[in-house]
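Worksheet: the structure to be examined is printed underneath.
The values are calculated or read from the model by the stated rules, or taken from the named source; none is laboratory data. For clarity, every value in this text was computed on a predicted model and none was experimentally measured. No Cβ is skipped: glycine too gets one built from the backbone with ideal geometry, and neighbour counts run over all protein chains shown.
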Amino acid sequence: MSRADDIDQPGSSPAGNSLEESWGEWFDRHSRTLFIAPAVTLILIFAIFPTFYSIVFALSRVRFTADGLQFRFVWFQNFYKQLFGNDQVHFLGKIETMGVFGTLFFAAVTAAVFWWLYRSLRIATWVGMIGRLISAAVAIFVAWIMGATLLSGNPIGTLLTTLFYVTIGCGLQFVIGTGLAFLCSQPISGKSFFRVVFFIPLMITPLGVGFAMRMVADSSKGPLLPLFGFLGIGDWIWSADAWSARFVMMICDSWQWIPFIFICMLAALENVPRDYVEAAQVDGASSAQIFRDIIWPQIIPVAVTVLLIRMIEAFKIVDLPNIMTGGGPGTSTESMTLHSMYIWRSNDMGTSAAVAYLLLILTVVVCASFFNYVVLGQLRKARA
Amino acid sequence: MSEASFKFEKANRSLMERLFEPPAVGKMSPAANAVAHLLLVLWSLFVLFPIYWVIITSFKDAAAVNLGPFYVPFVDFQPNLDAWRVQFNIEPNCDLPAIARQLGLLLYNTFVFIISPIIALQPMDPQICKIYHAFTNSIVVSIISTVVCVTIGAMAAYALARIQYKPKFGNIMIFVGLTLLVIAATSYARVPWWLSTAVGLALFFFLARAFGKHFKHTLGNGDILFWIISQRILPPIVVIIPVYIMFQSVGLLDTHLALIIMYAVANLPIVVWLMHDFFASLPIELEESAQLDGATRFAIFWDIVLPLTRPGLAATTLLTLILNWNEYLFAVFLAFANVQTMPIMVAAKNAGEKGIFWWEMSAIIVIMIVPVILMAILLQRFIARGVLLGAVKG
């Protein structure tokens with residue numbers, strides 16, 4: 001990219017520079033390129049190139065041999081294995097005959113998606129339409145998986161586990177984080193203390209968080225034992241049941257990430273002009289009314305942006321399940337990153353890259369959809 | 001409502017009204033105030049308890065951990081320094097000052113390592129303790145990669161805020177096509193990687209020179225900025241397998257350099273995003289007048305722009321430093337023996353087959369998280385002043 005720039009550099013003569021030109025002058029003459037070249041080069045070599053290279057891994061069976069790696073092109077076999085083959089239970093979950101709830105849910109989502117597509121036929125350009133078709137396809141696919149596994153009482157795979165951490169986790173974090181920020185934006189004493197304390201978990205090493213949580217939630221000698229005994233669940237082992245393990249994981253992840261929402265939303269709330277709020281108070285509006293009608297419309301552009309950033313990071317979750325349960329019981333707390341990492345450990349690079357690529361596709365589609373249909377819409381509304 | 005009548009009303013209120021209605025506009029009622037404080041204190045406990053538990057566990061011995069939960073040191077159990085002694089590998093009857101001296105030594109030797117290319121200093125009394133290597137590696141890697149990342153990122157962000165770039169769309173397509181060709185040739189036709197890369201680069205320069213002027217469609221600064229920031233969406237697991245192979249083929253696996261590069265690349269999007277916001281908010285007149293006086297672009301950047309954005313620069317650096325210190329996934333793949341960082345050491349201990357020694361683990365965790373907590377409190381002051389949040393709002 002940067003290389004294209006020095007073509008139309010005014011007054012630059014590639015050959016025949018005078019000998020007395022100093023380094024400084026040379027730097028200045030090329031400053032256009034030199035300023036941006038290091039960053040672009042680094043990203044090209046260590047982010048873009050590997051992303052393309054990963055396609056080769058995902059489409060091959062890779063073996064270590066004496067003289068380096070050996071690639072054998074196998075088309076989409078690695079992906080096929082995950083989606084329909086013998087890794088399906090691990091990745092998608094156990095897909096058997098769909099139950100009543102599952103069928104109803106799948107039908108409802110499909111109908112809603114098609115209705116949305118039909119409505120957007122009139123307003124979208126053809127590029128936008130392609131994007132909408134991709135989002136719709138992913139939505140219907142996820143609805144099918146949910147209907148066939150979760151809602152029909154079958155165990156779910158790493159795909160839905162990751163989506164569980166992203167959707168339910170981010171939702172919970174957003175609600176609690178915004179609530180705390182709202183409390184802290186009120187005129188109460190000790191605000192600065194709470195601010196510092198609430199911020200700390202965000203910066204603690206995720207691995208440390210995992211370990212600390214593992215100790216705190218330990219079901220044989222942890223500090224919560226008296227509480228469990230009091231609640232009458234003294235011999236309950238959360239790490240033995242799939243859903244309780246997932247929820248514990250999500251709560252621990254929330255412990256770390258609520259501060260992020262809190263900090264951003266607090267800044268947004270403090271930006272709301274106090275005059276509006278006080279004027280409404282004088283007119284006798286209740287707190288709930290003030291929040292709904294005055295504060296919320298002003299902070300929603302920041303709220304959706306923060307949620308987007310949080311979602312992007314949430315797709316990458318790996319440290320917590322790795323350290324707390326090692327993905328167990330079975331594979332029920334494995335995120336897709338951890339799934340790929342475990343396959344890599346067993347030296348199957350092709351499949352590992354395929355799972356990583358599926359994660360990339362899922363992340364990009366979900367985040368881009370959220371950005372296009374929610375964030376941009378709110379930003380436009382705020383500007384208008 | 002006039003001031004006088006408002007006060008009059010306030011004096012005549014009943015007890016219920018006093019409790020549940022705000023005494024004045026912009027204040028909270030006593031009941032709401034109490035509920036808010038209760039919630040905030042409860043949440044503080046929820047936040048602080050795991051940290052507290054790790055800290056006190058590091059002062060327990062095997063019995064105090066295994067015989068059930070004990071909560072308060074000196075009341076429930078006698079704290080001792082066994083776990084800490086094991087970490088620093090020193091004689092069993094050492095005291096707190098000895099441990100403090102060990103920590104100081106650790107920091108001094110790290111400093112010597114970092115500065116050794118410039119000034120030849122001897123590391124003092126190189127006593128090898130268990131966490132010595134991991135701690136040194138973590139500090140070296142995170143500091144150097146932070147410096148690299150912030151320098152490169154700030155330069156790119158400044159350029160994107162002030163210089164107009166017009167990369168040709170066609171050239172980018174040529175680049176992508178050639179990249180795919182190089183990859184295919186290297187992996188399936190078994191061409192050596194250096195040969196295919198050199199040929200690919202030469203071809204790109206030739207084709208860009210030859211056809212570049214015929215391409216009409218160009219991209220702008222906004223597109224480049226979006227492209228760089230959007231790299232954050234890329235899950236690290238996608239790039240790490242090819243990167244592992246790349247570093248393996250040039251013999252850089254398990255070195256500081258590999259970790260430094262990958263950490264810097266992973267955090268570039270954040271640095272560019274935040275710094276671009278600071279640079280774009282600066283008034284351009286200062287730079288223009290300096291340019292009229294004949295200052296070069298580097299001089300303007302270094303002497304005028306950077307000092308003006310000092311708070312933003314400091315906050316970004318601190319944030320990058322914390323993220324680098326915490327990084328786990330890249331280190332798992334790229335570092336196994338020589339350059340084990342703190343998180344890798346913790347993860348490896350956690351997976352040990354002898355069962356977990358909670359107290360030793362806690363001591364390591366405390367050593368690992370104390371620097372970040374200190375940095376976080378520093379960073380919090382910047383965030384409270386709204387330094388880092390401009391980018392989110394915009």
| Yes/no for B:Gly153 being surrounded by 24 or more Cβ atoms within 10 Å (Cβ to Cβ) and either in contact (Cβ under 8 Å) with a residue 24 or more places away in the chain or assigned to a helix (DSSP H, G or I) (or both) | yes
| note | Only one of (1) crowded, with 18+ Cβ neighbours inside 10 Å; (2) at the interface with chain A (Cβ under 10 Å from one of its Cβ atoms); (3) without any contact (Cβ under 8 Å) to a residue 12 or more places away in the chain; (4) not β-branched (Val, Ile, Thr) does not apply to B:Tyr165, and that is (3)
| Of residues in the range A:278-287 being more than 8 Å from chain B (Cβ to nearest Cβ) and either acidic (Asp, Glu) or in contact (Cβ under 8 Å) with a residue 12 or more places away in the chain (or both), the one nearest to A:Leu376 (Cα to Cα) | A:Ala280
| field | Considering residues of the range A:190-218 that are within 8 Å of chain B (Cβ to nearest Cβ) and not in a helix (DSSP H, G or I) only, the residue farthest from B:Leu374 (Cα to Cα) | value | A:Gly190
| query | Which number in (1) away from chain B (no Cβ under 14 Å); (2) more than 27 Å from A:Met311 (Cα to Cα) marks the one condition that A:Leu160 misses? | reply | (2)
| Looking only at the range A:361-384, which residues are at pLDDT 90 or above and either surrounded by 22 or more Cβ atoms within 10 Å (Cβ to Cβ) or among the β-branched types (Val, Ile, Thr) (or both)? | A:Ile361, A:Thr363, A:Val364, A:Val365, A:Val366
| said: Return the residues of the range A:87-133 that are touching a strand residue (DSSP E or B) at 6+ places or on another chain (Cβ under 9 Å) and either of a type in the set (Lys, Arg) or free of Cβ contacts under 8 Å to residues at least 24 places away in the same chain (or both); say none if nothing qualifies. | reply: A:Lys94
| task | Determine, yes or no, whether A:Leu150 is part of a loop (DSSP other than H, G, I, E, B), touching a residue at least 24 places away in the same chain (Cβ under 8 Å) and closer than 22 Å to A:Phe315 by Cα. | result | yes
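Would you check which residues across the range A:256-277 are over 23 Å from B:Leu40 (Cβ atoms) and free of Cβ contacts under 8 Å to residues at least 12 places away in the same chain and list them? Outline the logic, then answer.
Keep residues of the range A:256-277 that are over 23 Å from B:Leu40 (Cβ atoms), which gives A:273, A:275-276.
Answer for the range A:256-277, where residues must be over 23 Å from B:Leu40 (Cβ atoms) and free of Cβ contacts under 8 Å to residues at least 12 places away in the same chain: A:Pro273, A:Asp275.
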| Looking at the range B:226-238, is at least one residue within 18 Å of A:Ala37 (Cβ to Cβ), within 9 Å of another protein chain (Cβ to nearest Cβ), touching a Pro at 6+ places or on another chain (Cβ under 8 Å) and not basic (Lys, Arg)? | yes
| request: Consider only pairs whose beta carbons are under 6 Å apart and that are at least six residues apart or on different chains; among these, list those whose first residue lies in the range A:175-199 and is in the same structural domain as A:Phe260 (by TED's automatic domain parsing) and whose second residue is hydrophobic (A, V, I, L, M, F, W, C) and in a loop (DSSP other than H, G, I, E, B). | output: A:Gln186/B:Met28
| field | Extreme residue, modelled with the highest pLDDT, among residues of the range B:249-268 that are at the interface with chain A (Cβ under 9 Å from one of its Cβ atoms) and surrounded by fewer than 24 Cβ atoms within 10 Å (Cβ to Cβ) | value | B:Ile261
| note | Of the listed residues (B:Gly222, B:Gly212, B:Gly200), the one being at the interface with chain A (Cβ under 7 Å from one of its Cβ atoms), assigned to a helix (DSSP H, G or I) and small (Gly, Ala, Ser) is B:Gly212
| message | Looking only at helices (runs of 4 or more DSSP H) that lie completely in the range A:1-80, which have at least 2 residues being at pLDDT below 85 and at the interface with chain B (Cβ under 7 Å from one of its Cβ atoms)? | response | A:23-29, A:31-43
